[in-house]
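Each remark here refers to the structure printed beneath this line.
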Amino acid sequence: MSRAALLVLADGRFPAGGHAHSGGAEAAVAAGRITDAATLEAFCRGRLHTAGLVAAGLAAAAAGGCDPLALDDAADARTPVPALRTVARKLGRQMMRAARATWPSPELDALAAARPKGAHQPVVLGLAARSAGLAPEDAAYAVVYETVSGPATAVVRLLSLDPFDATAVLARLASDLDGVVAEAVAAAEHVPREGIGALPARSAPLLDITAQQHAAWPVRLFAS
Amino acid sequence: MHLDHDLDEKFPHRHTYSAAEPRRPDGTRRAVRIGLGGPVGSGKTATVAALCRALRDELSIAVVTNDIYTREDAEFLLREAVLPPERITAVETGACPHTAIRDDISANLEAVEDLEDTLSTGKGGPLDLILVESGGDNLTATFSKGLVDFQIFVIDVAGGDDIPRKGGPGVTTADLLVINKTDLAPYVGSDLEGMARDAKAQRGELPVAFTAIKSENGVAPVADWVRERLAEWTAGPA
């Protein structure tokens, strides 16, 4: 495996559509729940330990060779609101395009053929990591980093937050990221013996509710 | 040079997802894709609307809009009924219009592909032309060659007659530079001849069209240029 490949995959400039999404931060800013670096950190920590853990588990399992279609169903079951399912599939399709051009593989082709309008993004990301020769742990790292860096970047734009403060938030979350990755990878290792049910299924109801509301806003900067 | 050409041999389709590939999966040449960029308020949406009206009886057309924070451009085109709603798609750009047309074109490529898929068998036959309109941006915004085949940069005389002199990637490299709202030049004190001279200095042989898009048949020079590009595109290798 190549550690550098992980940097390519986890780079915010990887052309897979993430820049147009705030990970729920736009709704939280509008509601007054994110107002500064401290509230951004609290938001990111909450998202990391709920949606982030679930996504990291799915990605680690996909990178470890679990059936991506079963994982895609598992992702649907763990994504209760239609708005976030739509976003996850849209971003999955964009990730698929970038992954097939960068690390082509028969497994990516097979998933693209089975889900032409997009599989859930963490599943595609996990499979992309596998095609790049990366390990489940690497895929989980890419996912958890994206889980917190997306909202942090968005809040810099939404609140004109000092970008150094936003980056310091990410640095302070590093040990949380390590912990969530370890939990996700451990769960994914249980899947071959115990089935998909071994994957984490936490949720953040407020993120779900506000995502559904945000999808109906007539004026917004971010797609989600 | 492709260092991973072994992958190209095993996965020849890996590069078939962007404008670099001129054919549809069935081997026919796909619709030509033309991007329209330029600063806010220069008349991009008005140009798209006028192009649709001028060309819709002879060509099968679709439009992708890239609004910055609203769906206003798409809704304007729908309200004006320049095309049926199924031929207009809006892409959301997350506060960065140039990112969506240059650095990360994935959402726009999907919009283009979906239009090709859904309209290929419908009334009017396969698409001939897809117009991709950028959100209003600055003078450095250009379209990726992975997204469009040709690009038009739209500026206007009221935005300052020094813009052609200032140059920038949009002004200097676009396949067509449109300088719009010439009818306003006397009222804003813009020197059209100076703009033409500066544009020539920046662009060499690349064409410039002076237009008053909102006047009767004002889009004609742009529509003619689009017809030429389409003829050139269609004549390319199958």
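Here, each number is a calculation from the coordinates, and none is a lab measurement. In this text the structure is predicted, and so the values were computed from the model without any measurement. Every residue, glycine among them, receives a Cβ derived from its backbone with ideal geometry; neighbour counts consider all protein chains shown.
At a glance:
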item: Degrees between helix A:37-47 axis and first principal axis of chain A (Cα, 0 to 90, nearest 10); result: 30
item: Inter-centroid distance (Cα atoms) of the stretch A:161-179 relative to the stretch B:184-238, Å; result: 49
item: Among A:A60, B:P207, A:P205 - extreme Cα towards positive end, dipole of the protein assembly as shown, charges at beta-carbon; result: A:P205
item: Kirkwood Rh in Å, taken over all unlike Cα pairs in the stretch A:99-224; result: 17.0
item: Estimated translational D of the protein assembly as shown in µm²/s (Stokes, Kirkwood radius over Cα pairs; 37 °C; 0.692 mPa s); result: 140
item: Helix-only CD estimate at 222 nm, as mean residue ellipticity for chain A, using -39500 (n - 2.57) per DSSP H run (n ≥ 4); result: -21500 deg cm²/dmol
item: Crossing angle, helix A:136-159 versus chain A [Cα axis fit, 0-90 degrees, rounded to tens]; result: 20
item: Simple spin-label estimate for A:R202 and B:Y187 in nanometres, 7 Å along Cα-Cβ; result: 6.0
item: Residue-averaged [θ]222 nm for chain B, counting only DSSP H segments that reach four residues, each worth -39500 (n - 2.57); result: -9500 deg cm²/dmol
item: Of the DSSP H helices in chain B, those whose Cα atoms cover at least 18 Å axially and whose Kyte score averages -1.0 or more; result: B:106-119, B:220-234
item: In Hz, Karplus ³J(HN,Hα) per residue of the stretch A:53-61 (6.51, -1.76, 1.60; θ = phi - 60°; x = Gly, Pro); result: 4, 4, 5, 5, x, 4, 5, 5, 5
item: Amide H within-cut-off set for B:A90, under 5 Å, with H built and near neighbours excluded; result: B:T65
item: Helix axis angle, A:163-172 relative to chain A longest principal axis, alpha carbon, degrees; result: 50
item: Number of partner chain Cβ atoms within 10 Å, mean per residue of B:94-106; result: 6
item: Cβ-defined net charge surrounding B:S42, 15 Å radius [Lys, Arg +1; Asp, Glu -1]; result: -3
item: Fraction of antiparallel bridges per DSSP, the protein assembly as shown only, in percent to nearest 5; result: 5
item: Placed amide H near B:R29: partners under 5 Å, 5+ positions off or other chain; result: B:R24
item: Space enclosed by the convex hull of the alpha-carbon atoms of chain A, per residue, Å³; result: 105
item: Charge sum, other residues only, whose C-beta stays under 12 Å from A:R202's C-beta, Lys/Arg counted +1 and Asp/Glu -1; result: 0
item: Order of B:Y69, A:Y141, B:Y187 under a 10 Å beta carbon neighbour criterion, fewest first; result: B:Y187, B:Y69, A:Y141
item: Calculated FRET efficiency for the pair B:K214/A:A70, C-beta based, R₀ 51 Å, to 0.05; result: 0.35
item: GluC sites (Glu not before Pro), loop per DSSP, at most 15 other Cβ atoms within 10 Å - longest free stretch of chain B; result: B:81-204
item: Förster radius 45 Å - calculated FRET efficiency between B:N138 and A:A171, Cβ distance, rounded to 0.05; result: 0.90
item: Cross-link reach list, aspartates and glutamates versus A:K117, counting only Cα pairs under 12 Å and skipping chain neighbours closer than eight places; result: B:E110, B:E113, B:D114, B:D117
item: Cα-based Lys pair tally, the stretch B:30-234, threshold under 17 Å, eight or more apart or on separate chains; result: 4
item: Amide H within-cut-off set for A:G17, under 5 Å, with H built and near neighbours excluded; result: B:S106
item: A:F43, B:F143, B:F210 arranged by Cβ crowding within 10 Å, fewest neighbours leading; result: B:F210, A:F43, B:F143
item: Neighbour-count ranking [beta-carbon atoms within 10 angstrom, fewest first] of B:M195, A:M96; result: B:M195, A:M96
item: Tail beyond 34 Å, pair distance distribution of chain B (Cα, percent); result: 14
